[in-house]
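Below is one structure; the comments refer to it alone.
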Amino acid sequence: MTKCVSPNAISTILANPSPESSSDVPEIVVQVIELKATGASGNRFMFTANDGKMKLRGILPTNMGSEVMSGNIQNLGLIRILDYTLNDIPNKPEKYLIVTKCEVVSPPLEMEVKSEVKSEETGIVLKPKQENEIKSEVKSEVPGIFLKPKQEIVAKSAAQIVHEQRQNMAPAARMSMTRRVFPLVSLNPYQGSWTIKVRVTSKGSMRTYKNARGEGCVFNVELTDEDGTQIQATMFNEAAKKFYDRFQLGKVYFISKGTLRLANKQFKTVKNDYEMTLNENSEVEEASNEETFVPETTFNFVPIDSLGPYVNGMELVDVIGVVQNVSSTMSIRRKSNNDTIPKRDITIADATKKTVVVSLWNDLATSVGQELLDIADKSPIVAIKSLKVGEFQGVSLSTLSRSVVLVNPDLPEAKKLRSWYDSEGKESSMASVSSGMSPSSKSGSRSMYSDRVSLSHIQKNPSLGEEKPVFFSIRGYISFIKPDQAMWYRACKTCNRKVTEALGSGYWCEACQKNDEECNLRYIMVVKISDASGEAFLSVFNEEAEKIVGCSADELDKLKSEEGEENPYQLKLKQATWNSHLFRVSVAQNEYNNEKKQRITVRAVAPVDFAAESRFLLEEISKMRVSK
Amino acid sequence: MHVGKKVRAVVHVTQSDGEITTGKSTDEHQLIVKGLPHVSLMSYVEVIGIAESDQSIRAETWTNFGNTFDAQSYNQVCQLANGEFKGLFL
């Protein structure tokens, strides 16, 4: 243990004006001289750092003010500089040292250190006067303020002692020895200081965002510790920039000074009640001696024809298929901040003889997407993990930042797929998964059984669909169609938008900017439906209304003007009543006159398949018995 | 079990020759139905009548369900209706 300044400390500092982090800072012990209070309330302290050879003016961090006041840091004492920045002084060649982190090494020496000082290993000496250790000649100058310590014994904290003992060891080792590693499972928002030792098992890409408070960037990592506990850590702005390159997939780090809070269930990807945020003051140190271990990607493949139930759900799926088609890169403009991001669509097929389109975003579009385009004619097999299932064109798959794409992977499923394709798949005709789903609508009969609820479930939950519309399927009877409601609107024959009556004759479409003699009538109506639990009003648009009423709006309009015993229009509506249907609906919140109202819209309608329905009900019955 | 009582069953017709109709019940037993007119083979017929024995019914009313019928679901409902949920029906 040495109690003297580090040789060439000042040159070291001058050579590296802005170290990236405290782990970049080598052992720098300097003597404090010309200590002076400054600042509005006299709580900042300027000083000159002296290493025996050179001097450098600087300022101590605010949090060291107390150390000075208490006498721990005094003039002629030694401090170890842990983190700093060197600033230029305008119009002068000299630099100014801003110490951001330091610790006390020793109380005042007898005098200013003037010449080369050899470092020595000695035990901890609790006596305040250290001049005996300085071997070289010491000129008997006493410049500056020479403050004698008031106490004879300097109390040192255990941490300080251990720090001094281990001065010359690498920072990481020092960290692991001086700090206890906590298991991830023990962390909570009220825990004081902790250090964890974790591996980065997933690293997201850097995203930029814009919100009411301005712009920013963010990325997150998934951390796993020895016990297997996982937690997500997020970094914003400065911290994101600071740690993005430091965190590498598969490497192990010591992390401390993060904040914990309850995880937001909407964005949770990892099983933990808490999530962590790291800011610029957090500490992230790579643990040396730990092998980089990138966990093997494990897949749980869903056959393409079974994707239906996952549409619009939160669950992510894995798929494997033979590439049939690769599009060129498209640039999509993000609505939130006008960023343009690259996208590429690939079509894959599997042994179920169904195809599906997978949208690759960002890096995946440009890197592996290009790779696939180049080898597309060889019908490569691609395995993708963590895809979001959307309802565009019936069923659509989309990559997320955490998605993993493997080309021609060495997996048993890939081998099976290859042999199927080479023997029969190549020749067989494939159909898009959405086309086979339901005879009429794109939502598919399969999804008529997912998220099946009763009407009362929707009614009893007025806050459903508050943030984003929620989807359900229901089975019910049309119980009433009000004959005198505005049942349709005049629509442009080209774009289906509402047209206005043009001056003169015909109709004007604002969107197409053209006049047309004729227009179509398209349904926009409200129907009342009932089921065993309750009743509700549903908004229905053209395609679905046609199925419910049994004729187009134009035809119904003709019936309306017909004369007869019983108005054929009313008759038609009566005939539509008390028919049961399967509906796919979306529930959202609408604000109307400052009141929030629940709005249920029909997205698809399908006839009740009684056999399938019976099976579904029998299953529900058996579920009831189990839960008893 | 229900001999002498009025019962209802769905029969998958395997033979039909005027007086006697032979078919398979939804739980795979052979049933004989008396009094049905000619019914096309492989169609499902619901028969309501008196059970003359534990394998035959004298039909009083019948309904032809056609060819498409989910016998398995029907059977499950029968089991529930005669078992756990008997109280709902009788």
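The values are calculated or read from the model by the stated rules, or taken from the named source; none is laboratory data. Note that this is a predicted model, so its numbers are computed, not measured. Reconstructed Cβ throughout: ideal geometry from the backbone, glycine too, with neighbour counts over all protein chains shown.
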Q. Which condition does B:Gly83 not pass, out of (1) within 14 Å of chain A (Cβ to nearest Cβ); (2) surrounded by 12 or more Cβ atoms within 10 Å (Cβ to Cβ); (3) without any contact (Cβ under 8 Å) to a residue 24 or more places away in the chain, if it passes all the others?
A. (2)
Q) Residues in segment A:384-404 that are more than 17 Å from the chain's Cα centre (by Cα) and closer than 12 Å to A:Ile346 by Cα: how many? A) 3
Q: Identify, from the list A:Ala536, A:Ala604, A:Ala545, the residue that is in a strand (DSSP E or B), away from chain B (no Cβ under 14 Å) and closer than 30 Å to B:Phe69 by Cα.
A: A:Ala604
(Q) So, in segment A:521-550, how many residues would count as being among the hydrophobic types (A, V, I, L, M, F, W, C), in contact (Cβ under 8 Å) with a residue 60 or more places away in the chain, surrounded by fewer than 17 Cβ atoms within 10 Å (Cβ to Cβ) and within 23 Å of A:Lys597 (Cβ to Cβ)? (A) 2
Q) Does at least one position in segment B:14-33 carry a residue that is within 14 Å of chain A (Cβ to nearest Cβ) and out of contact with any Cys (no Cβ under 9 Å at 6 or more places or on another chain)? A) no
**Q.** Breaking point among (1) within 14 Å of chain A (Cβ to nearest Cβ); (2) without any contact (Cβ under 8 Å) to a residue 60 or more places away in the chain; (3) surrounded by 12 or more Cβ atoms within 10 Å (Cβ to Cβ), for B:Ala71
**A.** (2)
Q. Give me the pairs: first residue in segment A:304-321 and more than 20 Å from A:Ser401 (Cβ to Cβ), second residue acidic (Asp, Glu) and buried (at least 21 other Cβ atoms within 10 Å of the Cβ), beta-carbon distance under 8 Å, and six or more apart or on different chains, which are they?
A. A:Ile304/A:Asp350; A:Ile320/A:Asp350; A:Gly321/A:Asp350
Q | Any hit, segment A:254-265, residues being of a type in the set (Lys, Arg), under 21 Å from the mean Cα position of the chain (by Cα), modelled with pLDDT of 80 or more and assigned to a strand (DSSP E or B) | A | yes
Q) Quick check: anything in segment A:49-72 acidic (Asp, Glu), free of Cβ contacts under 8 Å to residues at least 40 places away in the same chain and closer than 24 Å to A:Lys3 by Cβ? A) yes
Q. Within segment A:608-620, is even one residue out of contact with any helix residue (DSSP H, G or I) (no Cβ under 7 Å at 6 or more places or on another chain), of a type in the set (Ser, Thr, Tyr), within 14 Å of chain B (Cβ to nearest Cβ) and not in a strand (DSSP E or B)?
A. no
Q) Out of all the residues in segment B:33-43, is one or more within 30 Å of A:Met624 (Cβ to Cβ) and out of contact with any helix residue (DSSP H, G or I) (no Cβ under 8 Å at 6 or more places or on another chain)? A) no
Q) Going by the structure shown, is B:Thr63 within 14 Å of chain A (Cβ to nearest Cβ) and under 11 Å from the mean Cα position of the chain (by Cα)? A) no
Q) What single numbered condition from (1) at pLDDT below 85; (2) within 14 Å of another protein chain (Cβ to nearest Cβ) fails to hold for A:Lys596? A) (2)
